[in-house]
1. Which entries in the list Lys200/Lys431; Lys200/Lys269; Lys353/Lys421; Lys98/Lys161 go over 26 Å, if you measure between the two C-alpha atoms of each?
2. So, by mean Cβ neighbours within 10 angstrom, what's the order for 334-345, 132-143, 47-58 with the highest one leading?
3. Once neighbouring chains are kept in place and the probe is 1.4 Å, which whole percent of the accessible area of the chain is contributed by carbon and sulfur?
4. Which of the peptides 367-379, 215-227 is most tightly packed, and how do the rest follow, judged by the mean count of other Cβ atoms within 10 Å per residue?
5. About the Cα centre, and with charges only on the beta carbon of Lys, Arg (+1) and Asp, Glu (-1), how big is the dipole of region 171-316? Nearest 20 debye, please.
6. Considering every pair of different Cα atoms, what Kirkwood radius, in Å, is found for the chain?
7. Can you give the extra length, in nm with one decimal, that the chain gains between Val289 and Gln382 once fully stretched, where that is 0.36 nm per residue apart less the Cα-Cα distance?
8. List the relative contact order of the chain as a percent without decimals, with contacts defined as Cα pairs under 8 Å and 6+ residues apart.
Amino acid sequence: MKRNIIWLTGALVLLSACDESEYELQNLVPEEYHKILYVNHSGKQEMTLYDTDEDYTYTLSVIKAGSDPSQTANVNVGVLSQEQVDVEYSQPEAVNYKVLTADSYSLSTDSLNFTAEDHFRSVTISVNSTKVKALMDNDPSAEWVLPLIVTSETDSINSEKNQLFLQITDVLVPSVGFVVPPEQTFDVYDIASVPASISKVIEFGLDAENRWEITCGLTVDNSYIDDYNEANGTVFQALPEGSYTLPESVVLPSDATVSSLEVSIDGTKLVAAGDYMLPVRMSDVSEFVVSADGAVYPIMIRVMAEELDRTNWTATADSEEETGEGSNGPAQLILDGNIDTYWHSIWQSGSGKRSVPYEIIIDMKSVHTFAHIGMIQRNSDQYNDTGTGEFYVSSDGTNWGDPIGTFSMARNVELQIFPVKPASGQYIKIKILSSHRDQNCSLSEVYVYGE
């Protein structure tokens, strides 16, 4: 019979205050407290299952404690009935808990016998993921659980720690994929110093405990670049043919959840400035499925040309504040090399537009080929307010065509570099479409990188 445990605080105080020769342990602590058993990590535990050919296993441990845990003990391990779960859990919590059917799980034993030397004993719980998934599919409104309980006819059980209530949250098919960082970063090289050989190490793995040797097929999916550019406003181009070496397949060894592969890139073939991408796709796996989120690892490389000499360049804008910013305001100040001076749109007096979009046109005086444009917000923690926009190029300053790139400026005073489709022309137009601060926009400097 299960016995509720009440610690005899007063008796323990006496034990510490009196001489052991006067009081025998058995006289101070009742016999039922000499050994007390409880479930380690008791209470509610969530469990996600993976649909594999093997059962999912979980270990329940029972601890033997008390004032004299060197004694022997015996406990039974069982499962609460549906009626018990309804009374203890479903009704108080207003949750439709359902106990797993007996054919969907098994226990390695239903009883544990402790010797004098045993301080804990364990039970292995095996759950058949396929059968559990069928239960969940048949009754998706239910919260499926395996409520285990430890009892004893002879020994004391801690009634607050006598249950393990396993809640099945989901049954998933394991997936293999690349470990893609949340924010993909560039490897940046100056065009004059691109390494002859570039090595990139990519991690991939399984999202479950791995007991299989899994072969993963690899390919380069350049169609991914167009989708990525459209979704992110970027202008990546594919690495030149023959500039990389990628294995056809890699193996994730058994007992390893993560491994890595190496991709080699021939830097001597990166002769033009621009943003390059090598989208490595995991095309197939010998076990399970390819991860939807980790199917592609986009290797990104930025090759920077030199900053062009801006001597004699001119800049004009369709909105310039003439008086409210002191000596600042004219568009020409974005080319003066001084980050403390800046162009500013009209807010007090002047001629021109008073709301976005604003346009700034730079005349480079001769034709240049370029692939990146750099901009710096106004040098102020409060007023760095230019938001998003587009870049255009023209040979005559009249015909602009489609945008060659877009930008979205962060609110800081750092140099921000934006890629454009490799282009040639004499004129660059910066079209500002939004502001971080009402209709006000400003820029400290604009740079162009090319030939």
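The values are calculated or read from the model by the stated rules, or taken from the named source; none is laboratory data. Because the structure is predicted, anything quoted here is derived from the model rather than measured. Every residue, glycine among them, receives a Cβ derived from its backbone with ideal geometry; neighbour counts consider all protein chains shown. Protein only, heavy atoms only, side chains kept; ligands, DNA and RNA dropped before computing areas. Shrake-Rupley method; radii C 1.70, N 1.55, O 1.52, S 1.80 Å.
1. In this structure, Lys200/Lys431; Lys353/Lys421 exceed 26 Å between Cα atoms.
2. 334-345, 47-58, 132-143
3. For the chain, the apolar C and S fraction of the accessible surface comes to 46 percent.
4. Packing proxy ranking, top to bottom: 367-379, 215-227.
5. 180
6. So the Kirkwood estimate lands at 28.6 Å.
7. Gain on extension, Val289 to Gln382, equals 28.5 nm.
8. After rounding, I find 13 percent.
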